[in-house]
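Chemist: Questions regarding the structure given below will be posed in turn.
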Amino acid sequence: MPAKQVKVPVKKAAVKAGAGVEKAKSGWAGNGGWNRGKSRMLPFPAARTVVHKLKLKSKKEWKVWAKSGDRPLNIPSNPNKTYRNKGWTSMPDWIGKEGGYGAMLTFGEARLAVQKLNLAGVKEWREWCRAGKRPANIPSNPSRTYANSGWVSFPDWLGYPLTEVPGVV
């Protein structure tokens, strides 16, 4: 019969202090030393392909799966942070909801749709978003969503030449 395991409470400060001494003795060079400064995460396209194969239907399902023990260590639990400026656009794109509810329009398509609204400025844009009139395929924060795929400015987004924007030369 195997021996019963007993959990012994250990203070975090003691663990950190002792671990530092052991690491120093062993020649530990920090996290950059063990993986030579390279990310352990898959590149964005490869990670997204893995996630698409899961056929998740929502952000909620993603969060449940990401917290489960099924998520490989080379797939980040917060892909929006890990892949910022490396291909990230939206959660629907990440989980593979192309063309369905939640799939974002391309920058050009979304900008054209917004410009047809003839909104008077950013304040009116925000009011329009809050009023529940914005379709799910147009982001409420286009500067973040389209940061790497065409975003210039709100005047550009709303369809105003820079010379028509008050205070902009």
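Chemist: Return only the number of the condition from (1) on the phi > 0 side of the Ramachandran plot; (2) in contact (Cβ under 8 Å) with a residue 12 or more places away in the chain that residue 73 does not satisfy.
Modeler: Exception for residue 73: condition (1).
Chemist: Suppose we keep only residues that are basic (Lys, Arg) and within 17 Å of residue 92 (Cβ to Cβ) within region 60-77. Which one would you say is modelled with the lowest pLDDT?
Modeler: For region 60-77, the residue satisfying everything is 60.
Chemist: Restricting attention to region 76-96, which residues are in contact (Cβ under 8 Å) with a residue 60 or more places away in the chain and more than 16 Å from residue 43 (Cβ to Cβ)?
Modeler: Listed by number, the list is empty, since nothing qualifies.
Chemist: Here is a further query. Of everything in region 123-168, what is modelled with pLDDT of 90 or more, hydrophobic (A, V, I, L, M, F, W, C) and over 25 Å from residue 87 (Cα atoms)? Give them in sequence order.
Modeler: Within region 123-168, 125, 128 meet the criteria.
Chemist: Out of all the residues in region 61-69, is one or more more than 11 Å from the chain's Cα centre (by Cα), of a type in the set (Lys, Arg) and either surrounded by fewer than 18 Cβ atoms within 10 Å (Cβ to Cβ) or assigned to a loop (DSSP other than H, G, I, E, B) (or both)?
Modeler: Yes, region 61-69 contains at least one residue that is more than 11 Å from the chain's Cα centre (by Cα), of a type in the set (Lys, Arg) and either surrounded by fewer than 18 Cβ atoms within 10 Å (Cβ to Cβ) or assigned to a loop (DSSP other than H, G, I, E, B) (or both).
The values are calculated or read from the model by the stated rules, or taken from the named source; none is laboratory data. Please read all numbers here as calculations on a predicted model, not as lab measurements. Ideal geometry is used to build each Cβ from the backbone, glycine not excepted, and the neighbour counts take in all protein chains shown.
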